[in-house]
């Protein structure tokens, strides 16, 4: 019953905010692969979603915008620019990132938060910035973090909200151990 009410409320919210659900966009032609993870307030261009293709194992952090159109030319030329967006497999796009039309993002890519993707991104890359630029390879990033994990605080499933049993003491312990450093959680 709770799920049903939640779904109705979400539809009502989407209608008021003029947002389209991923299911609605798929009906319009959006292509999405397996294990797609989309966080809150993301925009997948609802007016041209059939020009967007997203691969397997892709995560969009909160407030990512993927645009397949650019109306900057509409007033003067009477036409809006449009272009396909293709996102490969095993891609993470950080919060508040905007992906512009006519962009191809390769496989095994991490895009840092607040980036503007205005050029294609090659496979096995970590990029960030405005405009997004390559920082290192995907493997360099993974290796760098693997080394950092040897000295950093590491927290298991019991320290997540998924556990539903995280205590105030556990939260305080986590805050103390993360003083001045980055840690890792399952």
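Read the figures in this text as sums done on the coordinates, not as results from a lab. Remember, predicted model here, so these are calculated numbers, not experimental data. FYI the Cβ positions are ideal-geometry reconstructions off the backbone, even for glycines, and counts take in every protein chain you see.
If contacts are Cα pairs under 8 angstrom and at least 6 residues apart, what is the relative contact order of the chain in percent? Intermediate results must be reported in sequence, preceding the final value.
Working: 367 pairs, mean separation 21.0, N = 186.
Worked out over the chain, it gives 11 percent.
Rounded to the nearest 10 degrees, the inclination of helix 2-17 to the longest alpha-carbon principal axis of the chain is 50 degrees.
Against the chain, whose longest principal axis comes from its Cα atoms, helix 168-177 is set at around 90 degrees.
Considering only 130, 108, 90, the Gaussian network model of the chain with Cα springs below 10 Å gives its largest mean-square fluctuation to 130. The distance between label points at residue 149 and residue 4 comes to 4.4 nm (points 7 Å beyond Cα on the Cα→Cβ vector). Under the simplified labelling scheme, the residue 26-residue 160 pair shows an inter-label distance of 2.2 nm, with each label point 7 Å from Cα along Cα→Cβ.
Subtracting the Cα-Cα distance from 0.36 nm times the residue separation, let me have the gained length for residue 118 to residue 139 in nm, one decimal. Mind showing how you got there, number by number?
Numbers: separation 21, 0.36 × 21 = 7.56 nm, distance 2.32 nm.
Going from the current span to full extension adds 5.2 nm.
Neighbour counting of Cβ atoms within 10 Å sorts the residues 49, 42, 181, fewest neighbours leading, into 181, 42, 49.
Any chance you could give the angle, 0 to 90 degrees and rounded to 10, that helix 138-149 forms with the longest Cα principal axis of the chain? Computed tilt is about 20 degrees. Taking the alpha carbon gyration tensor of the chain, multiplying each eigenvalue by 5 and rooting it gives semi-axes of 33, 24, 14 Å, largest first.
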